[in-house]
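J.: Have a look at this one.
The values are calculated or read from the model by the stated rules, or taken from the named source; none is laboratory data. From a predicted model like this one, the values you see are computed outputs, not experimental measurements. FYI the Cβ positions are ideal-geometry reconstructions off the backbone, even for glycines, and counts take in every protein chain you see. Accessible surface is based on the protein model in full, side chains and every heavy atom, while ligands, DNA and RNA are left aside. Shrake-Rupley method; radii C 1.70, N 1.55, O 1.52, S 1.80 Å.
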Amino acid sequence: MYGRRRMGYSTLLFLHVTSAFTMVTAAGLFLAIALAQRSDRHSATALRLAPVAAVLWPIGSLLAIVFGVWLALHDSQYSLGDGWIIAAIVLWVIGGAIGGRLGAGYRKVTSSGAAADPSALVMNLALIVTLLVMLIDMIYKPGAS
Amino acid sequence: MTVLLIRPDSWNLPLLLHVGGAMALVASVTVAAVALLQGWRASGPAAASLKRFGARTLLYAAIPSYFVMRIAAQWVLSKEGLDNSNAAWIGDGFLAADAGFVLLVIAAIVANLAVRRDPESGLGKLAKVGAGLSVVLIALYVFAVWAMTTKPT
């Protein structure tokens, strides 16, 4: 009984953490695109990274929340009403909105050749700060007993 | 039997640096792999630009991230009193980190050598080796995440 339960928890944790790594990887690609767009020499490079980021971001963020909520429901020590879990969900919504807007902007530049959004670098920094605060929340679990 | 879900507070900072460093490492190796693989498919100035971008990402982002992840890993082990542990998952972690570091250094060297030798052309054999090694590294890191989260015995 215990073995089955632990196996379930471990597998869910692996899937949740792997999804989070995928989200951060997509954010890394978004940042690389923004940095590459700052120089004419690398602007074509940036656009070749965009399709991969546009796929990884929605997959990573969707699976991270699905497996995260599943973990919270699976283990009796967690509850969806815990402060740190509510904070993580709010941060996930904020991150999702920023990442979604960045991905859509880069897709537009790739498909129609529109000029890069000048606020992209600021949005990238906001996304990185959001993901960092989310990681701190996951590790420190403030308020958990 | 209770699974320990809440750690002592003193473990949190090294764990944050370990996981954060690992995330930055995976992200930067993936950015480099995507740039090099796209450069493999491209031609002309775009291929040269992608080759340079991938090589520089390995050198200036992936290697520093590796050191943050690895030094923090040792710090976490020390905090948890596991320095001399023979647990399989710790061995798997060392394997992925240390063997991965050798592959990472080789990938960074060959990719940057390719840029230095021929900055204006496509990937060439050396940078293709760098691209292949980057993909192998991503697979190795997925294995490491599996070992760290499931802690197989």
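J.: For the range A:54-145, with all protein chains present and a 1.4 Å probe, just round the carbon and sulfur fraction of the accessible area to a whole percent.
T.: Roughly 75 percent of what the probe reaches on the range A:54-145 is carbon or sulfur.
J.: Which of the residues in the range B:105-153 lose at least 30 Å² of accessible area when you go from the chain alone to all protein chains together (probe 1.4 Å)?
T.: The answer is B:145, B:149, B:150.
J.: On to the next question. How well do other chains shield peptide B:23-33, expressed as the mean number of their Cβ atoms within 10 Å of each residue Cβ?
T.: Per residue, the number of nearby Cβ atoms from other chains is 6 on average.
J.: If one takes the accessible area of chain A alone plus chain B alone and subtracts that of the pair, with a 1.4 Å probe, what total in Å², rounded to the nearest 100, results?
T.: 3200 Å²
J.: While we're looking at this one, here's another question. Cα axis of helix B:124-150 to longest principal axis of chain B: angle in degrees, 0 to 90, nearest 10?
T.: The answer is roughly 20 degrees.
J.: Using a 1.4 Å probe on the protein heavy atoms, what percent of the accessible area of the range B:21-120 belongs to carbon and sulfur?
T.: So the carbon and sulfur contribution to the accessible surface is 63 percent.
J.: Taking beta carbons within 10 Å but only from partner chains, what does the mean come to for residues A:131-139? Provide the component values of the computation, followed by the final result.
T.: Numbers: counts 2, 3, 0, 0, 4, 4, 0, 2, 11.
Average neighbour count from other chains, rounded to a whole number: 3.
J.: Using each residue's phi in the range B:76-84, evaluate 6.51 cos²θ - 1.76 cosθ + 1.60 at θ = phi - 60° and report the 3J(HN,Hα) Karplus result to the nearest Hz, with x for Gly and Pro.
T.: Result, ordered by residue: 4, 4, 5, 4, 7, x, 10, 3, 9 Hz.
J.: Here is a further query. Roughly what angle does helix B:100-117 make with the longest principal axis of chain B, taking Cα atoms, 0 to 90 degrees, to the nearest 10?
T.: Result, in degrees: 20.
J.: Here is a further query. What number comes out for accessible area per residue over chain A if the probe is 1.4 Å? Units Å², please.
T.: Working: 7300 Å² over 145 residues.
Averaged over the residues of chain A, the accessible area is 50 Å².
J.: Follow-up question, since we're still on this one. Going highest first, how would you order A:57-63, B:55-61, B:10-16 by mean Cβ packing within 10 Å?
T.: B:55-61, A:57-63, B:10-16
J.: Mind ordering B:42-54, B:68-80 by average Cβ neighbours within 10 Å, highest first?
T.: Highest to lowest by the protection proxy: B:42-54, B:68-80.
J.: Can you tell me what percent of all Cα-Cα pairs in chain B are more than 18 Å apart?
T.: Cα-Cα pairs of chain B separated by over 18 Å account for 59 percent.
J.: Ok, one more. Can you find, among B:43, B:91, B:105, the residue sitting farthest towards the positive end of the charge dipole of the range B:15-120, where Lys and Arg contribute +1 and Asp and Glu -1 at Cβ?
T.: B:43
J.: Between beta-carbons, use under 14 Å as the cut-off and find the net charge around residue A:69, counting Lys and Arg +1, Asp and Glu -1.
T.: So the surrounding residues net to -2.
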